[in-house]
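Below: the structure, in structure tokens.
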Amino acid sequence: MAKNKLIKIMIWVPLFLCIGLGTRLKAENTIHIDIPVVLEKANVVFNMDHLAFDGDMPVGIKYMHLLVNRFKEVGIKGQVIGIFHADAAYMTLNDKAYNSYRKVSFGNPYKDLIAMLMKQGVQIEECAVSMKSHGWSNEDLLPGVPQEGWMGSGHTESRRAGS
């Protein structure tokens, strides 16, 4: 009988402590914003020059989508631009060019994500220097993706505009 009572105590006491501690920790993790930021306008350039993934989702594409949604949610005016170059340049290729470059036969798996971003108003650009170094032409790009005339000009242009 004493053994059963001891076992019950050993089970219930840690359980109650964990529940109480969990509640206490949750309350302590509340975030208070000390410096609220109110934006009326924001122009953002995403430098899509390297490969970074969250599972199979390119991180930059994911965050462009999240940012555009947040802009719409809170009424921020502005523009989001994604400039693809260097290691990530191939993401804007059409199916034929993508298959040839990546040596696959299933087409560009990013084309629907890029089309969705463009439909949301994101300006997607391909770097002309990357295109030249790979031997790609404008016909190799996804529909609606322009090539950027000088490496970094999107960054420079946004700086000139004061963003």
Just a yes or no: is a residue in the range 143-154 part of a helix (DSSP H, G or I) and at pLDDT below 95? yes
Where the second residue is buried (at least 21 other Cβ atoms within 10 Å of the Cβ) and assigned to a loop (DSSP other than H, G, I, E, B) and the first is in contact (Cβ under 8 Å) with a residue 60 or more places away in the chain and of a type in the set (D, E, K, R) and lies in the range 88-101, which pairs have Cβ atoms under 6 Å and are six or more apart or on separate chains? none
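The values are calculated or read from the model by the stated rules, or taken from the named source; none is laboratory data. Because the structure is predicted, anything quoted here is derived from the model rather than measured. Quick reminder, even Gly has a Cβ in these numbers, built from the backbone with ideal geometry, and neighbours come from all protein chains shown.
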